[in-house]
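The values are calculated or read from the model by the stated rules, or taken from the named source; none is laboratory data. In this text the structure is predicted, and so the values were computed from the model without any measurement. A quick note on method: Cβ atoms are made from the backbone with ideal geometry, for glycine too, and the neighbour counts reach across all protein chains shown.
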Amino acid sequence: MSELCDIKCTPCKGGEPPIGEEELQRSLTQIPEWNVIQEGEVRKLTREFRFKNFQQALEFGNRVGELAEEHRHHPLLCIEWGRTTVTWWTHAIEDLHLNDCVMAAKTDLV
């Protein structure tokens, strides 16, 4: 289990700085299967999880949804036959925040 899992996700109301590149790189060593993508000006963390069928992908998506509700931080979920793609970023700052790395690590435990 990564150190990120021990951090409590704190609500971000905007105006907070995004995660710095050095801290992001350190965090990525704890969540190696996650990728940073750039959509326009917005950095995001994404990972595709594979399953045997749609039902398993849906059940996983529901568990991630419950995790998101618990921490009041919500990802983009794309559920398809045999896979669920989870994408984290902080909408309030339109960039990555430490919370996104924390939630990615917690998602890995779902």
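Provide a single number: the residues in the range 32-57 that are under 10 Å from Thr87 (Cα atoms) and either touching a Leu at 6+ places or on another chain (Cβ under 8 Å) or among the β-branched types (Val, Ile, Thr) (or both).
Here the count works out to 7.
Name the single residue that is nearest to Lys13 (Cα to Cα) among those in the range 66-90 being surrounded by fewer than 19 Cβ atoms within 10 Å (Cβ to Cβ) and in contact with a strand residue (DSSP E or B) (Cβ under 7 Å, 6 or more places away or on another chain).
Leu76
With Gly40, Gly14 as the choices, which residue is on the phi > 0 side of the Ramachandran plot and either in contact (Cβ under 8 Å) with a residue 12 or more places away in the chain or of a type in the set (S, T, N, Q) (or both)?
So the residue among Gly40, Gly14 that is on the phi > 0 side of the Ramachandran plot and either in contact (Cβ under 8 Å) with a residue 12 or more places away in the chain or of a type in the set (S, T, N, Q) (or both) is Gly14.
So that you can scan it fast, the table gives a plain yes or no per residue for (1) touching a Ser or Thr at 6+ places or on another chain (Cβ under 9 Å); (2) under 18 Å from Asp6 (Cβ atoms):
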residue: Ile37; (1), (2): yes, no
residue: Arg47; (1), (2): yes, no
residue: Arg83; (1), (2): no, no
residue: Asp95; (1), (2): no, no
residue: Ala105; (1), (2): yes, yes
residue: Asp108; (1), (2): yes, yes
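As an exercise: evaluate Arg47 against (1) farther than 17 Å from Asn99 by Cα; (2) basic (Lys, Arg); (3) surrounded by 15 or more Cβ atoms within 10 Å (Cβ to Cβ) and give the number of the one condition it does not meet.
(1)
Quick check on the range 28-37: of everything there that is touching a residue at least 12 places away in the same chain (Cβ under 8 Å) and outside any strand (DSSP E or B), which residue is surrounded by the fewest Cβ atoms within 10 Å (Cβ to Cβ)?
The qualifying residue surrounded by the fewest Cβ atoms within 10 Å (Cβ to Cβ) is Glu33.
Of all residues in the range 1-11, which are assigned to a helix (DSSP H, G or I), out of contact with any Ser or Thr (no Cβ under 9 Å at 6 or more places or on another chain) and surrounded by 12 or more Cβ atoms within 10 Å (Cβ to Cβ)?
Within the range 1-11, Cys5 is the sole residue that qualifies.
If I filter the range 12-23 for residues that are within 15 Å of the chain's Cα centre (by Cα) and either assigned to a strand (DSSP E or B) or exposed (fewer than 15 other Cβ atoms within 10 Å of the Cβ) (or both), do I get at least one hit?
Among the residues of the range 12-23, not one is within 15 Å of the chain's Cα centre (by Cα) and either assigned to a strand (DSSP E or B) or exposed (fewer than 15 other Cβ atoms within 10 Å of the Cβ) (or both), which makes the answer no.
Could you go through the range 52-62 and let me know if any residue there is within 18 Å of His97 (Cα to Cα), within 15 Å of the chain's Cα centre (by Cα) and aromatic (Phe, Trp, Tyr).
For the range 52-62, residues within 18 Å of His97 (Cα to Cα), within 15 Å of the chain's Cα centre (by Cα) and aromatic (Phe, Trp, Tyr): absent.
Sort out which residues of the range 75-107 are over 17 Å from Pro18 (Cα atoms) and at pLDDT below 95, and write them in order of number.
Within the range 75-107, none qualify.
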